Amino acid sequence: MKYKKKLKSLGNSFRYAGQGVWSSFKSERNMKIHVLMMILVVIFGFFLDISLGEWIVCIILFSLVIGAELFNTAIEAVVDMISLEKSSQAKLAKDISAGAVLVFAIASAIVGLIIFVPKILELF
């Protein structure tokens, strides 16, 4: 009986996590942009036949950017919940978490250029 409860609880954990990702996608414009970029990278990755190592790098970068955006969304929600009035500390927390996403996104874009530009130039 206890084993079934643990399995159900694990299943709920995955379901709630999925709901969190979906909620972020539905409510956050930047999450939609990140997912669109990920889809474009996957399409270009297949078209340009990137290597296994390059796929691994892309997947790691996808997870870092989307994970950072999820943390940013969570931090913003908590700050909004506990800070009823405008506050310089609340703004600082939100700006810093958004900055973290920006750092990951810029680094990912640079790595993407390193991977894809030579392959695109080979086509010409």
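Here are the numbers for this structure:
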item	result
Restricting the range 54-111 to residues that are in contact (Cβ under 8 Å) with a residue 40 or more places away in the chain and among the hydroxyl-bearing types (Ser, Thr, Tyr), the residue that is farthest from PHE25 (Cα to Cα)	SER108
Some residue of the range 107-119 being under 22 Å from GLY18 (Cα atoms), β-branched (Val, Ile, Thr) and modelled with pLDDT of 95 or more	no
Of residues in the range 76-91 being more than 21 Å from the chain's Cα centre (by Cα) and aliphatic (A, V, I, L, M), the one surrounded by the most Cβ atoms within 10 Å (Cβ to Cβ)	ALA90
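The values are calculated or read from the model by the stated rules, or taken from the named source; none is laboratory data. Just so it is clear, the structure is predicted and the values come from calculations on it, not from any experiment. Methodologically, a virtual Cβ is constructed for each residue, glycine included, from the backbone with ideal geometry; neighbour enumeration extends over all protein chains shown.
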